[in-house]
1. Looking at Ala28 and the list (1) under 28 Å from Ala12 (Cα atoms); (2) surrounded by fewer than 19 Cβ atoms within 10 Å (Cβ to Cβ), which single condition is not satisfied?
2. As an exercise: evaluate Thr4 against (1) crowded, with 19+ Cβ neighbours inside 10 Å; (2) hydroxyl-bearing (Ser, Thr, Tyr); (3) more than 15 Å from Gly132 (Cα to Cα) and give the number of the one condition it does not meet.
3. Name the residues in segment 8-66 that are of a type in the set (Phe, Trp, Tyr), in contact with a helix residue (DSSP H, G or I) (Cβ under 9 Å, 6 or more places away or on another chain) and in contact (Cβ under 8 Å) with a residue 60 or more places away in the chain, would you?
4. Looking for whichever is closer than 27 Å to Phe2 by Cβ, under 13 Å from the mean Cα position of the chain (by Cα) and not polar (S, T, N, Q) here; the options are Ala75, Ala141. Which one fits?
5. Given (1) surrounded by 15 or more Cβ atoms within 10 Å (Cβ to Cβ); (2) part of a helix (DSSP H, G or I), identify the lone condition not met by Leu140.
6. Within segment 106-117, which residues are within 22 Å of the chain's Cα centre (by Cα) and hydrophobic (A, V, I, L, M, F, W, C)?
7. State yes or no: is Val129 among the β-branched types (Val, Ile, Thr), farther than 30 Å from Leu17 by Cβ and either crowded, with 20+ Cβ neighbours inside 10 Å or modelled with pLDDT of 95 or more (or both)?
8. Is there a residue in segment 96-105 that is within 16 Å of Ile27 (Cα to Cα), at pLDDT 95 or above and part of a helix (DSSP H, G or I)?
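The values are calculated or read from the model by the stated rules, or taken from the named source; none is laboratory data. No experiment lies behind these values; they were computed from the predicted model shown. Glycine also receives a Cβ, built like all others from the backbone with ideal geometry; neighbour counts cover every protein chain displayed.
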Amino acid sequence: MFLTRGDFRVKAESFDLTNGRNILRIIAGAFMFPHVLGKFVNGGLNPAIVGFFKKAGFVPAEGWVWLAATCETAAGIALVLGICTRFAAFGAAAVLLVAVYALQVVKGFGWLWNLGGYEYPIFWAIACVAIGIEEWKAFLATGRKAGLAAGGAPKLAV
């Protein structure tokens, strides 16, 4: 699985804003939160969102709304804090691609975000994939260095 204790540590270098990767990761995570909040209104599920999920064919719609909100929250927190980033980034991309699927089912093809199209979720899905790729590259490079420094075969997980 390649999970290490270090994946769950919040590190100061994750907030170095002179590193563009950190800026993109933090913003990608932060952009998840408004979508979580939009799923709720007056202390409960937003009926319009539940209706959208029903139209998209997600049954039971309420359960899928809760699942989406949970996944978006977890991915957003992980990306903002820089924990389990290589997994969170691909998880966020998956959530966004499911949103694209739902938009296609409910509204049909459309590109412009301001007209309810795919532009916004596709952009952020691509950004999350880029974050995930960079994080995996860094993880694999660190694992190889650690394994080689110990005089053995590369070790990818500790």
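1. (2)
2. (1)
3. To start, the set of residues in segment 8-66 that are of a type in the set (Phe, Trp, Tyr) comprises 8, 15, 31, 33, 40, 52-53, 58, 64, 66.
The next check asks that each one be in contact with a helix residue (DSSP H, G or I) (Cβ under 9 Å, 6 or more places away or on another chain); those that pass are 15, 31, 33, 40, 52-53, 58, 64.
Answer for segment 8-66, where residues must be of a type in the set (Phe, Trp, Tyr), in contact with a helix residue (DSSP H, G or I) (Cβ under 9 Å, 6 or more places away or on another chain) and in contact (Cβ under 8 Å) with a residue 60 or more places away in the chain: Phe15, Phe31.
4. Details: Ala141 fails: under 13 Å from the mean Cα position of the chain (by Cα).
Exactly one of Ala75, Ala141 is closer than 27 Å to Phe2 by Cβ, under 13 Å from the mean Cα position of the chain (by Cα) and not polar (S, T, N, Q), namely Ala75.
5. (1)
6. Trp111, Leu112, Trp113
7. Details: among the β-branched types (Val, Ile, Thr): yes; farther than 30 Å from Leu17 by Cβ: no; either crowded, with 20+ Cβ neighbours inside 10 Å or modelled with pLDDT of 95 or more (or both): yes.
It is false that Val129 is among the β-branched types (Val, Ile, Thr), farther than 30 Å from Leu17 by Cβ and either crowded, with 20+ Cβ neighbours inside 10 Å or modelled with pLDDT of 95 or more (or both).
8. Initially, segment 96-105 is screened for residues within 16 Å of Ile27 (Cα to Cα), giving 96.
If we keep only those that are at pLDDT 95 or above too, we end up with 96.
Still in the list and also part of a helix (DSSP H, G or I): 96.
The answer is yes; a qualifying residue exists.
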